[in-house]
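Trainee: So that we are looking at the same thing, I have put the structure below in structure tokens.
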Amino acid sequence: MTLYDTVNDADARTLLSGMEVSFAGVSKRFGGEAGTLALTDVDLDIREGEFVAVVGPSGCGKSTLLRLAAGLEPVSSGAVAVRTNSIGFIFQEATLLPWRKVRRNVELSAELAGVDRRTRRDRVERAIRAVGLADFANKLPSQLSGGMRMRVSLARALSLQPRLMLLDEPFGALDEMTRLNMQEELLRLYRDNAFTALFITHSVSEAVFLASRVVVMSARPGRIHEVIDVDLPYPRERELRFEPAFTHLVSRISRSLKEAA
Ligand SMILES: Nc1ncnc2c1ncn2[C@@H]1O[C@H](COP(=O)(O)OP(=O)(O)OP(=O)(O)O)[C@@H](O)[C@H]1O
Ligand SMILES: [Mg+2]
């Protein structure tokens, strides 16, 4: 069990009680008393294996929420408890080392995590195949398209075999077709690897397509405006987007987002 900030072991166990991630009364202020209040009164429990998407206006604290979950920032008050220290973090930009070939970029996280060489190589090859880049393992990032670079980033996180995947608008910079493909790929990986996911996005339809619950946040200081269940079974196919249940949820969440802003 990994704990952050204001909780001790016993408190964390109570907080988590079967949850993978638990935010309890979390506030985050940057830069002292007169600083920016980024998040306030956030309560959110994420069950093991759940896929939770977060939408909200720019600057409402979505990235901050993710950074708190990863333990990259301390909370100002309240508590965050996370049951695992096996965390994959995917940033909005692919953040690859330009001088390392695809294979060596994918290997980086496992290398830094101290995974032994043989296990690492094994996992890296599997992750590269999983994201469909087997033919590009010896290319440099500059020889790839934006979508392929993002897939390298995904493979790098996967090679850690994380229990918890934190994704910060990973597909924001992709064209529409590539984005739809990446969403399907991510759902395949989710099915095959059984991780818990917390996924930030500005796209309501992306949130509905991927998630089992969508958290709508309100403008700064960010708080949770509403949490909406996405009662659509997995596996999900592209055609789901044309179904009334899907479009209904998209309008419902878009309305909620408008209220929240
Ligand atoms: N390290 C920091 N120091 C000071 N202020 C910060 C820091 N990080 C974030 N903030 C502030 O906290 C607020 C929330 O930022 P955050 O990046 O979490 O928003 P966001 O919802 O991810 O926005 P976007 O949708 O544009 O990515 C913003 O007002 C931002 O200026
Ligand atoms: Mg952000």
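The values are calculated or read from the model by the stated rules, or taken from the named source; none is laboratory data. Please read all numbers here as calculations on a predicted model, not as lab measurements. All Cβ positions, even for glycine, are placed from backbone atoms using ideal geometry, and neighbour counts span all protein chains on display. The area values use the complete protein model at the heavy-atom level, side chains included, leaving out ligands, DNA and RNA. Shrake-Rupley method; radii C 1.70, N 1.55, O 1.52, S 1.80 Å.
Trainee: Just need a number here: residues in the stretch 56-113 that are surrounded by fewer than 17 Cβ atoms within 10 Å (Cβ to Cβ), of a type in the set (G, A, S) and within 13 Å of ligand 2 (Cβ to nearest atom).
Mentor: 2
Trainee: So, one more: How many residues, within the stretch 201-229, are under 21 Å from I90 (Cβ atoms), of a type outside the set (G, A, S) and touching a residue at least 40 places away in the same chain (Cβ under 8 Å)? Let's see the steps before the verdict.
Mentor: Residues of the stretch 201-229 that are under 21 Å from I90 (Cβ atoms), as a first pass: 201-215, 217, 222.
Now restrict to residues that are of a type outside the set (G, A, S): 201-202, 204, 206, 208-210, 213-215, 217.
Imposing the further condition that a residue be touching a residue at least 40 places away in the same chain (Cβ under 8 Å) reduces the set to 201-202, 204, 206, 208, 210, 213-215, 217.
Total satisfying the criteria: 10.
Trainee: Looking at A194, A173, which is the one that is in contact with a helix residue (DSSP H, G or I) (Cβ under 7 Å, 6 or more places away or on another chain) and either under 25 Å from G59 (Cβ atoms) or open to solvent by 10 Å² or more (accessible area, probe 1.4 Å) (or both)?
Mentor: Unique residue meeting the criteria: A173.
Trainee: E184 versus (1) under 27 Å from Q161 (Cα atoms); (2) open to solvent by 20 Å² or more (accessible area, probe 1.4 Å); (3) within 16 Å of ligand 2 (Cβ to nearest atom): which is the lone unmet condition?
Mentor: (3)
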